Structures are given as structure tokens and as C-alpha cells.
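A short reminder: the numbers here are calculations on the coordinates, not readings from a lab. Bear in mind that the values here come from a model prediction, so they are computed numbers and not experimental data. Please note: Cβ atoms are built from the backbone with ideal geometry, for glycine as well, and neighbour counts cover all protein chains shown.
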Amino acid sequence: MRKRESLTLREVWERGRDHLEKKGVPEPDLDAWYLLEEVWRVDRSYYYAHRDEPIDRIETSEGEDLLGRYRDLLLRRGRREPLQHILGYAWFMGLRFVVDASVLIPRQDTEVLVEEARKRLKGGDRVLDMCTGSGCIVLSLLDRCPKAEGIGVDISKEALQVARENSRRLKISAGFIQSDLFAAVEGRFAMIVSNPPYIPTGEIQALMEEVRDHDPHLALDGGADGLDLYRRLIRESLGYLLPGGVLLMEIGADQGGWIRTHMQEQGYRDVQVVKDLAGLDRVVLGYSPCEGGKHV
């Protein structure tokens, strides 16, 4: 890069974009922008009004090498560290969640699960989020239905620390329990939601570098066929759902048929497979048996 004093915002962004493009980063223009936005604390309206001005004119932290910081962040992204890990947060359902390497980065696909759960959640209901990770599912549900009660469960102590921090920052009250599935869970729930690990073990090495090398394998590895956790969740959830309670799970695009059949065989009723905006199977849900065949 040329001397710092002669660079404009436009030049900084363009060179950042070019660097990421050479490194094969998907959407290099967007990532270069998000990193520029983070370092210089500018929004798009400011950028378009001042993009051809020298960057020194917008630096407000005396003595701080913002250009050097931007370069360091670009190098990290070029090594395929996820953008969300670099920024320290991810947006999900309109909320900003703290994330780090101990939790799965919230993804837009999972919003389908939250939307389907929200349709069925009522004030006063107790909802359990199994494999909660960052807490993004249960906290998003409670944000939209504040009169419900929520508990997040995860086997990872580090993940639960992130979930509790998100609960504190977002000012959304929820309980969190460290447990191997239901081992430490008590009581019954109107709803159980889960985004469990569902990648077959043999397919993990073929995932994008950002996922394979940075997301926790505990949150990815679903066993030989990707269905290990589903077998346990489907069987064990029946002991923790109220009569007529609903189990909702995010799934891989090719897993809907098997999971629907297995839920029906275990006694769940009105089992449905919900597709995402791309037309792919994304969520399976079903109701526990109840008297008279009606749901509560």
C-alpha cells in the first residue's frame, strides 16, 4: 500500500477487496466493507459522502494505527478465519450475538426453525433449546414471546459461557444448563427445539474452510450417517414434553424423510417437514401424543 496519508476510504476498501479476492474468500467486497466499517466506525452513507477523502480526516483515536489494524484483520480473513469470529459477533433474527470458536456461528438457515417455533409458542409456555450453543434460538424466541420461559442446554461449558453473555447483553432472561442431552434436565416442556450436529463424520473434511477449521466439531459431527443425535432426541424428548407438546429440529437437506418416518414410528403425531426459502428440507416437527388426539 502507498503511504497512509495519501490513501482514501475508497482505495482502502478496494485494496482490501482485492486482497480477499486473491485469497479466494467468498464475497470479498462485502467482507472488506464489514472490516472497514468495524475499524473506522463509518456507515455506508458516510462512506459515499467521504470515500474520496484521505482516511486521516476521519481518524478520531489519536495515535491508533487504524490502517495497520485493518490490514491485520484482512490477513486473518484471508486465512479463512470466519468474519464473525474476527468481528466477535453475528446477527441473527435481528439480534446481535457474541460468538467465538466455542459455538456454531448462527446462520440464516436456522431462522426457519425459529420462525416455525414462534408460530407455536405461547405466553406461559416452557421451551427447551437443546444444543443451544450461543443461545441464539432460545433467546430469539423469548425476545418475540417474552411471557414464555426458556432454558438452553449444551454439553460444552465454554458454549454456555457465550450463551449467558448473550443473555446478559441482550437483557433477555433464560436459564442455561450443562448436560449431555437430558441427563441434567428436569420437568416437562411445551416445546423442545434443537439444531443438533447433523454432518456425517466423513463429510466434515469437505466443508468450507471457515466451517471445517473454525466451527467446533462437537457442533458439526452427527456420527457416521449424521443422525446420531436425532435418534436420541426423538426418543428421549417424549419423556420431557407435555402431552401435545411439540419437538422441532433443524435438519440437513437430505434427512427429512428418514427423520419424519422415525418420529412417526416413535409415536409423534402430525409430523411435518418444512422447507426453507431455497426449497430444501430444513425443519422437522411433530407433536407428542395426548388425550383425545388434540394438541395443547
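One table, with the values for the structure above:
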{"read-out": "Amide hydrogen neighbours beyond the local backbone of R126, cut-off 5 Å, H modeled", "value": "E149, A190, M191"}
{"read-out": "Percent antiparallel among DSSP beta bridges (both partners in the chain, rounded to 5)", "value": "45"}
{"read-out": "Angle between the chain longest axis and helix 157-170 axis [Cα atoms, degrees, rounded to 10]", "value": "70"}
{"read-out": "Inverse mean reciprocal Cα-Cα distance (Kirkwood Rh) of region 4-79, Å", "value": "12.4"}
{"read-out": "Fewest-first sequence of T201, T110 by Cβ atoms within 10 Å of each Cβ", "value": "T201, T110"}
{"read-out": "Long-range HN-HN contacts of S134 with modeled amide H, under 5 Å", "value": "L104"}
{"read-out": "Likely footprinting exposure, R76, R44, R126, fewest C-beta neighbours within 10 Å first", "value": "R44, R76, R126"}
{"read-out": "Hull volume in cubic angstrom per residue (convex hull over the Cα atoms of region 137-188)", "value": "70"}
{"read-out": "Centroid-to-centroid separation of region 16-94 and region 250-287 [C-alpha atoms, Å]", "value": "40"}
{"read-out": "Which listed pairs, of K147/K275; K122/K275; K119/K157; K147/K171, have C-alpha distances above 19 Å, in listed order", "value": "K147/K275; K122/K275; K119/K157"}
{"read-out": "Computed [θ] at 222 nm, helices only, for the chain once each DSSP H run of length n ≥ 4 contributes -39500 (n - 2.57)", "value": "-11000 deg cm²/dmol"}
{"read-out": "The chain shape via C-alpha gyration tensor axes, a/c threshold 1.5", "value": "prolate"}
{"read-out": "Choice from V138, V42, V112 with maximal GNM fluctuation in the chain (Cα, 10 Å cutoff)", "value": "V42"}
{"read-out": "Amide proton proximity set for G226, modelled H, under 5 Å, gap of 5+", "value": "T201"}
{"read-out": "Crossing angle, helix 256-265 versus the chain [Cα axis fit, 0-90 degrees, rounded to tens]", "value": "30"}
{"read-out": "Footprinting exposure proxy for E186, E81 (fewest neighbouring C-beta atoms within 10 Å first)", "value": "E186, E81"}
{"read-out": "Hz values of 3J(HN,Hα) by residue in region 14-31 - Karplus curve (6.51, -1.76, 1.60), Gly and Pro given as x", "value": "4, 6, x, 4, 5, 4, 5, 5, 5, 7, x, 6, x, 6, x, 5, 5, 5"}
